[in-house]
Amino acid sequence: MGEKKIGEVTHFYTDISVGIISLSGQLELGNLVKFKGSTTDFEQTVDSIQIEHEDVERAGAGDEVGVKVDNKVRESDEVYLIE
């Protein structure tokens, strides 16, 4: 399995456990992703993606998306697609 960087976390909403990701690649529902940073290191399946509070099934480079996360993420954490 390989990892490909597809974005970076720009914000985290603690109360709703949502990370905002600036995408540099493609992200789809059902993808397995890894969040990696100085104190962050976990994998999860993407089951919720939103753009401007609207549910979407996929997003691409240049999009800013909100993703429900299983653990806390931090600004500048990198997001990798696990292939």
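All of the numbers you see were taken from the coordinates with simple rules; none came from a lab. Note that the structure is a prediction, hence the values are computed from the model and not measured. Methodologically, a virtual Cβ is constructed for each residue, glycine included, from the backbone with ideal geometry; neighbour enumeration extends over all protein chains shown.
Worth pointing out:
- GLN26-LYS72 FRET efficiency (beta carbon distance; Förster radius 22 Å; 0.05 resolution): 0.35
- Placing a label point 7 Å from the Cα of ILE82 along the Cα-to-Cβ direction, the residues of segment 10-35 whose backbone N falls under 13 Å of that point are 31-35.
- Extending 7 Å from Cα along the Cβ direction at LYS4 and again at GLU64 yields two label points whose distance is 2.5 nm.
- About the centre of its Cα atoms, the chain shows a dipole size close to 260 debye [charges on the beta carbon of Lys, Arg (+1) and Asp, Glu (-1) only; nearest 20 debye].
- Cα extents of segment 37-83 along the three principal axes, largest first (Å): 30, 21, 19
- Fewest neighbouring Cβ atoms within 10 Å first, the residues ILE82, ILE21 line up as ILE82, ILE21.
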